[in-house]
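Only one structure is covered here, and it is reproduced in the block below.
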Amino acid sequence: MSSADLYAFHLISAPAGIPVSESHPLERCCVFNAEAQRSAEDAEDNRPALDVLWLRPPVALCAFVRIRGPVSCLPFYYRFMPQTALITGASSGIGLELARIFARNHCDLILVARESDRLRQAAEDLQQLSGTQPRVIPRDLADPQSPHGIHAELAGVPVDYLVNNAGFGLGGPFSAMDRQTGLDMIQVNVTSLVDLTRLFLPAMLVRKSGRIMNVASTAAFQPGPLMAIYYATKAFVLSFTEAIAEELTGSGVTVTALCPGPTASDFQRRAAIEHVKLVKNKSLGMMSSRAVAEIGYRGMMQGKVIVIPGIMNKLGVQSLRLGPRAIVRKAARKLQES
Ligand SMILES: NC(=O)c1ccc[n+]([C@@H]2O[C@H](COP(=O)([O-])OP(=O)(O)OC[C@H]3O[C@@H](n4cnc5c(N)ncnc54)[C@H](OP(=O)(O)O)[C@@H]3O)[C@@H](O)[C@H]2O)c1
């Protein structure tokens, strides 16, 4: 690393008050670069040093800083740096497909889910795509301490994308549902999502840059007899996301509610709803997790507030607006029956 590069690094980071820590992306690049250069010298390897890739952008940014001043250049600074995506529920289904998209877009990944073996397997597969080892944080989001624990573990790591995807449902009458399972569902689908958003949003606002995706559902648009808590949690996610998206207008941070309809994943088996009409009825159009993730990712990058993947799901949601509430409730019940 030449002294000019070091100068560029400090010129950008110090006056702007960017915390300089080992986990800072630019410093990671520098450390990585210095190590790579050392091993290249040891091997008397004449390939161009990696700083051609990594340290030219800071030099270009240095010119920006001089012209526009350090604070106004912060958004540019972060755009040029490798970005980091924190994805909950990233070990399967929609979350895993979203992680694949972020990996293909060269994002550093932080993956959260409960089952550590499945999570590590997903991380290995994702490493093949991006070349970078994702960080795994095995946590149960039904534990109220988990969001704070995740945030504490990531102290100093700028999270550019927060994807609150982890969630689960359970079919059957409310009165027969195990009490603790119902409370865990609210904790995972709602409380942890709100807490993670509250924990990671302030740093995004300081950087004037960041995107949050909250995975809701088409279930958010109506009450769901025989899946009452699940539908209600998703209605919360949609309402919460819309409200804060409006509050954040002009802040540089966007929030998106992804509202998939029935999607092929482990969700139906876990929710014990494989036999219900909504899942079995092919004409309602079950989408793949991959298609849902791609549409969701595009919508999030465009800063959309609500993203409903698939024409059938869009039509379904629109028809709910026209129908009387009592009929909508009865129709929703029919779809949740066997
Ligand atoms: N599939 C659908 O039809 C559908 C439709 C609309 C919306 N959605 C929503 O889409 C999201 C993703 O679901 P999916 O279809 O991809 O289902 P999935 O394949 O079952 O994936 C759920 C993910 O969430 C994780 N998870 C579940 N409980 C957790 C907990 N307590 N703590 C931490 N992680 C937990 C799971 O990993 P572990 O089990 O290892 O923790 C898994 O990685 C959910 O929010 C779901 O409500 C799904």
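The values are calculated or read from the model by the stated rules, or taken from the named source; none is laboratory data. What you are looking at is a predicted structure, and each value in this text was computed from that prediction instead of being measured. Heads up, the Cβs are rebuilt from the backbone with ideal geometry, glycines too, and the neighbour counts pull from every protein chain shown.
Residues that are closer than 30 Å to LEU335 by Cα and not β-branched (Val, Ile, Thr): which helices (runs of 4 or more DSSP H) entirely in region 100-216 hold 2 or more of them?
179-186, 192-207
From the set of residues in region 112-130 that are touching a residue at least 24 places away in the same chain (Cβ under 8 Å) and either in contact with a helix residue (DSSP H, G or I) (Cβ under 6 Å, 6 or more places away or on another chain) or among the small types (Gly, Ala, Ser) (or both), which is nearest to the ligand (Cβ to nearest atom)?
Out of the qualifying residues, it is ALA113.
Yes/no matrix, rows are residues, columns are (1) polar (S, T, N, Q); (2) within 8 Å of the ligand (Cβ to nearest atom); (3) in contact with a strand residue (DSSP E or B) (Cβ under 8 Å, 6 or more places away or on another chain):
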residue	(1), (2), (3)
PRO262	no, yes, yes
PHE267	no, yes, no
ASN281	yes, no, no
GLY296	no, no, yes
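The rows are residues; the columns are (1) farther than 26 Å from THR254 by Cβ; (2) charged (D, E, K, R); (3) in contact with a strand residue (DSSP E or B) (Cβ under 9 Å, 6 or more places away or on another chain); (4) modelled with pLDDT under 95.
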| position | (1), (2), (3), (4) |
| --- | --- |
| GLU153 | no, yes, yes, no |
| GLY156 | no, no, no, yes |
| GLY167 | no, no, yes, no |
| LEU170 | yes, no, no, no |
| ALA176 | yes, no, no, no |
| GLN180 | yes, no, no, no |
| MET185 | yes, no, no, no |
| LEU196 | no, no, yes, no |
| PRO202 | no, no, no, no |
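What is the one condition in (1) closer than 23 Å to ARG100 by Cβ; (2) within 11 Å of the ligand (Cβ to nearest atom) that THR254 does not satisfy?
(2) is the only condition that THR254 fails.
What are the pairs with Cβ atoms under 7 angstrom where one residue, in region 263-285, is on the phi < 0 side of the Ramachandran plot and the other, located anywhere, is part of a loop (DSSP other than H, G, I, E, B) and more than 13 Å from the ligand (Cβ to nearest atom)? Sequence gap at least six, or different chains.
Every condition considered, the pairs that remain are HIS275/SER338; VAL276/GLU337; VAL276/SER338; LYS277/GLU337.
Since GLY89 meets every condition but one in (1) under 25 Å from ALA272 (Cβ atoms); (2) more than 11 Å from the ligand (Cβ to nearest atom), which condition does it not meet?
Among (1) under 25 Å from ALA272 (Cβ atoms); (2) more than 11 Å from the ligand (Cβ to nearest atom), GLY89 violates only (2).
Being surrounded by fewer than 22 Cβ atoms within 10 Å (Cβ to Cβ) and farther than 21 Å from MET204 by Cα is the requirement here; does ARG135 meet it?
So ARG135 does not fit the description; no.
Go through (1) closer than 16 Å to GLU294 by Cα; (2) more than 9 Å from the ligand (Cβ to nearest atom) one by one and return the number of the condition GLU97 breaks.
Exception for GLU97: condition (2).
Which residues, counting only those in region 298-332, are closer than 23 Å to ARG211 by Cα and among the polar types (S, T, N, Q)?
GLN302 - this is the single residue of region 298-332 that is closer than 23 Å to ARG211 by Cα and among the polar types (S, T, N, Q).
Please determine, by comparing only the residues of region 162-186 that are out of contact with any Leu (no Cβ under 7 Å at 6 or more places or on another chain) and within 14 Å of THR88 (Cβ to Cβ), which one is farthest from the ligand (Cβ to nearest atom).
PHE168
Exactly one of (1) under 30 Å from MET286 (Cα atoms); (2) without any contact (Cβ under 8 Å) to a residue 12 or more places away in the chain; (3) away from the ligand (no atom under 16 Å from the Cβ) is unmet by ALA232. Its number?
All conditions are met except number (3).
Would you check which residues across region 231-289 are under 19 Å from GLY89 (Cα atoms), assigned to a loop (DSSP other than H, G, I, E, B) and either within 18 Å of the chain's Cα centre (by Cα) or not aliphatic (A, V, I, L, M) (or both) and list them?
CYS259, PRO260, GLY261, PRO262, SER265, ASP266, listed by residue number.
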